[in-house]
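Remarks on the structure that follows.
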Amino acid sequence: MENYNYTKSINLALHENMKLNSRSVCIGLGINDPKRIFGTSIGLVEAFGEERCIEPPTSENALTGIALGLALQSYSVCLTHQRFDFALLSFDQLINSISKWSFMFNKEYKISLLVRLIIGRGWGQGPTHSQSYHSFLSSLPGLQIYYPSSPSSAFATISKGMNSGKPTIMIEHRWLHNTNELLDISNIDIDIIDKMKIIHHGDDITIFTYGYMVPEAFKASQYLKSFDIKVELISMDNLSMKNIDTIIDSISKTHRLLIIEPYYMQCSITTNICTEILKKITNTNLDLSSLEVLSLPFENESTSYFDTKDRYVTWVNIINKIADQLNQEIPCPTPKERPHDVPGDWFKGPF
Amino acid sequence: MNDQLVLLAFKKACEIREAETLIAENYNKGYIRCPVHLSIGQELVPSILFSFHDVNDFAISTHRSHAHYLGKGGSLQRFFDELHGLPSGCSGGKGGSMHLIDESVGFMGSTAIVGNSIPVGVGLAEAQKLSKSKNLTYIFLGDGATEEGVFYESINYAYVRKLPCLFIVENNEYSVYTPLKPRQSCLKLENKAKAFNAHYSQNLLHEYKSLFNAWSDAIKYVKSNAGPALIEVFTNRKLAHCGPEIDDNLGYRPQKFLSKWEKYNILDIYYKSLLEAGYSKKYLEDLISEIRQNCTNIYFKSEKKHIILRGLNES
């Protein structure tokens, strides 16, 4: 077992897949530049050459169609956009071509095409560098959407996306890049990302969240444990997943639920999950008055340091919300003094 | 282009004209229940495509793709079946007129959003290059698609990566009802193509021999790893943008323009050349009748299947 951060596990997964399959290609702006997409593409071009590690023109839409053309010829392709916002230019190809190629032509094409979409936050990322329409993407038949919250699930998502034969979107939060996990990298079960996970066991309250809110919720769960509040924290990596039995089982036990949506609640995947829970509510004895939701305010993000202080949900917000729900006095934690717009000392900007 | 190749191109052009005419004539029966963008008048390009037939070359096309599909050698029965929404159609009835495919002959798909299939074609050419194939990819598009950003993204990428792409632009001068001038700041596609280092050639008045030669040169060029080529073929769609009607009563195309293209009907041009090459009128007329009969038989097989599947009574 070794300690790997999220960036390194992506890098290792890309190396492994490029090595195992000579018909695999990595493409994306910055893939061969000195910064190597936040370090995730280090060493690829040196190992596999410019034919297979393509530093392309700034043409997000065409690149996405080109990636499809390659995938249709049995190439395995990883296309990376350094921001989700940039990939909005490619939605014609993502939606009108990739998501429905197999449907339109009535054949189950093997399309091993992985599109990495990196989400920004803080440091003035603002209205056009922090958007995350993963919920919308998960509403499209024909795409599979993953939002890995840990280094191991990031590794698994790369491997699955480059081999599954199904067009795959990986939502990759910039603030997760420095999260760590002890891993046996040669022995990661890639199917783990297709199951709901219980990350913290408890029977007082259930939290359901995913993506970059998972570490925050985990931190809150651990803090609350020291006050004898036992949180059951459930998450998913596969946003196309329909089975919510794990949540139902948990709320049958806790009768209380806090849902944390990493982006806007409006038209989100978490509202779908609420609908699914409602369908099974008689099995759960869920106290509906306890149902709480945390999400971003439904407003674009300002670039100003001064405007964003209270925008994002943090582990402290989660603790306060649970204290309210349980009607308990819990001392408000005092986090280590740090500007609110960086994930840690490791982040020095610019994006 | 020898006489045999001219005859081959003529036969393909006749087949396309017959197929499209059958669709137009029978459309109002309501058995074809999807939008159709017919290629009557634009048979030159697909007939020349057929004279360079190679199933290992790929092609990708647009909403107006019937003729490209047939010019690439796509199955006529599965084409008519597709238009009739039948499971036996080339796209299982799921795609209809605007989403055709026949991979067995290298026709890799057509899609309905203007410019949408262009980069997919470039990606197919990238795959050909990476796998050291000796073949190329045809990317068919119209003049409207040259106004889309993705066209420029794609032709630029094709040059940067030196891909074997042959862009064939059929310029019928109208995007639905709108002529070129209010749409394009620079009317010369030549300038735009050359700005991206694409090898360019142009065909103004259905001169089939010069198109054949330009096509042959372009194939050699793109196969030499020099980058993409683009051939612009001025042509004329006889019918409405969408649907089976002649819509010249709307007056959006000047009479002078329409009269000019009446004189350059590609079927008449091929016919005349073949007469001059020594083929008899009877031979050519028999040939046309045979093609017509064959297309008709195949068409009505599809129509009959549609009627049976819907449980309708044949009228």
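The values are calculated or read from the model by the stated rules, or taken from the named source; none is laboratory data. Just so it is clear, the model here is predicted, and its values are computed rather than measured. Cβ atoms come from the backbone with ideal geometry, glycine included; neighbour counts cover every protein chain shown. Side chains are part of the model used for accessible areas, which takes the heavy atoms of the whole protein and leaves out ligands, DNA and RNA. Shrake-Rupley method; radii C 1.70, N 1.55, O 1.52, S 1.80 Å.
For this structure, a couple of remarks:
- Rounded to the nearest 10 degrees, the angle from helix B:266-276 to the longest Cα principal axis of chain B is 90 degrees.
- Projecting the Cα positions of B:Ser175, B:Asn294, B:Trp261 onto the charge dipole of the stretch B:3-305 (unit charges on Cβ atoms of Lys, Arg, Asp and Glu, taken about the Cα centre) puts B:Ser175 furthest along the positive direction.
- Taking 29 Å as the straight-line reach from the Cα of B:Lys272, the lysines in range (excluding those fewer than 8 positions away in the same chain) are B:Lys11, B:Lys12, B:Lys72, B:Lys209, B:Lys238, B:Lys256, B:Lys260, B:Lys263, B:Lys281, B:Lys282.
- Rg then Dmax, both in Å and based on the Cα atoms of the protein assembly as shown: 29.3, 102.
- CD proxy at 222 nm, helix term only [per DSSP H run n ≥ 4: -39500 (n - 2.57); per residue of chain B; nearest 500]: -14500 deg cm²/dmol
- Once the chain from A:Met1 to A:Asn283 is taken as fully extended at 0.36 nm per residue, the excess over their C-alpha distance is 97.5 nm.
- Based on the Stokes-Einstein relation at 20 °C and a viscosity of 1.002 mPa s, and on the Kirkwood radius from alpha carbon pairs, the stretch B:3-305 is assigned a translational diffusion coefficient of 110 µm²/s.
- Each Lys and Arg Cβ is given +1 and each Asp and Glu Cβ -1; about its Cα centre, the protein assembly as shown then shows a dipole of about 1200 debye.
- Dipole magnitude of the stretch A:2-194 about its Cα centre (Cβ charges: Lys, Arg +1; Asp, Glu -1), debye to nearest 20: 300 debye
- With q set to 0.16 Å⁻¹, the log10 of I(q)/I(0) for the stretch A:170-300, from the Debye formula over equal scatterers at the Cα positions, is -0.85.
- Theoretical gain in end-to-end length, A:Arg311 to A:Phe136 [0.36 nm per residue, Cα-Cα removed]: 60.9 nm
- Of interest is the spacing of the C-alpha centroids, which for the stretch B:256-282 and the stretch A:276-335 amounts to 76 Å.
- Amide N of the stretch A:134-152 lying under 17 Å from the label point, which is placed 7 angstrom from the Cα of A:Asn243 along Cα→Cβ: A:145
- Of the residues B:Val222, B:Ser201, B:Asn236, the one whose Cα sits farthest toward the positive end of the charge dipole of the stretch B:190-237, with +1 on the Cβ of Lys and Arg and -1 on the Cβ of Asp and Glu, is B:Val222.
- Dividing the mean sequence gap of close Cα pairs (under 8 Å, 6+ apart) by how many residues the stretch A:197-326 holds gives a relative contact order of 29 percent.
- Debye intensity ratio I(q)/I(0), log10, the stretch A:2-194, q values 0.09, 0.14, 0.17, 0.19 Å⁻¹ (C-alpha model): -0.29, -0.73, -1.12, -1.43
- A DSSP coil position with no more than 13 other Cβ atoms inside 10 Å describes the following trypsin sites (Lys or Arg not before Pro) in the stretch A:219-264: A:Lys242.
- Averaged over A:89-96, number of beta-carbon atoms from partner chains that fall within 10 Å: 3
- Complex-versus-alone comparison for the stretch B:150-195, residues with a loss of 50 Å² or more in accessible area, probe 1.4 Å: B:Glu153, B:Tyr157, B:Arg161
- Separation of the A:Thr271 and A:Lys107 label points, Cα + 7 Å toward Cβ, nm: 3.9 nm
- Secondary-structure-derived ellipticity at 222 nm for chain A, considering helices only, amounts to -9000 deg cm²/dmol, per-run term -39500 (n - 2.57) for DSSP H runs with n ≥ 4.
- Rounded to 10°, Cα long-axis angle of helix B:118-130 versus longest principal axis of chain B: 60 degrees
- Ordering B:Ala125, A:Ile42, B:Leu275 by the projection of their Cα atoms onto the charge dipole of the protein assembly as shown, which places +1 on the Cβ of Lys and Arg and -1 on the Cβ of Asp and Glu, puts B:Leu275 at the extreme positive end.
- All Cα pairs of the stretch B:1-47, percent lying beyond 18 Å: 38 percent
- Counting only alpha carbon atoms, the long axis of helix B:149-160 and the longest principal axis of chain B meet at about 50°.
- Site pair A:Ser22 and A:Phe298 shows an inter-label distance of 5.5 nm when each label is modelled 7 Å from Cα along Cα→Cβ.
- For the stretch B:45-158, the average shadow cast by the Cα convex hull is 6.8 nm², which is a quarter of the hull's surface.
- Nearest-0.05 FRET efficiency for B:Ser131 and A:His340, computed from C-beta distance (R0 51 Å): 0.50
- Once you reduce the stretch A:110-161 and the stretch A:187-261 to the center of their Cα atoms, the two points are 20 Å from each other.
- Legend: calculated FRET efficiency, B:Leu312 to B:Tyr252, from the Cβ-Cβ distance at R0 = 41 Å, rounded to 0.05, equals 0.65.
- Projected over all directions and averaged, the alpha-carbon convex hull of the stretch A:34-130 occupies 7.1 nm².
- Only Lys, Arg (+1) and Asp, Glu (-1) charged, at Cβ; chain B dipole about Cα centre in debye: 400 debye
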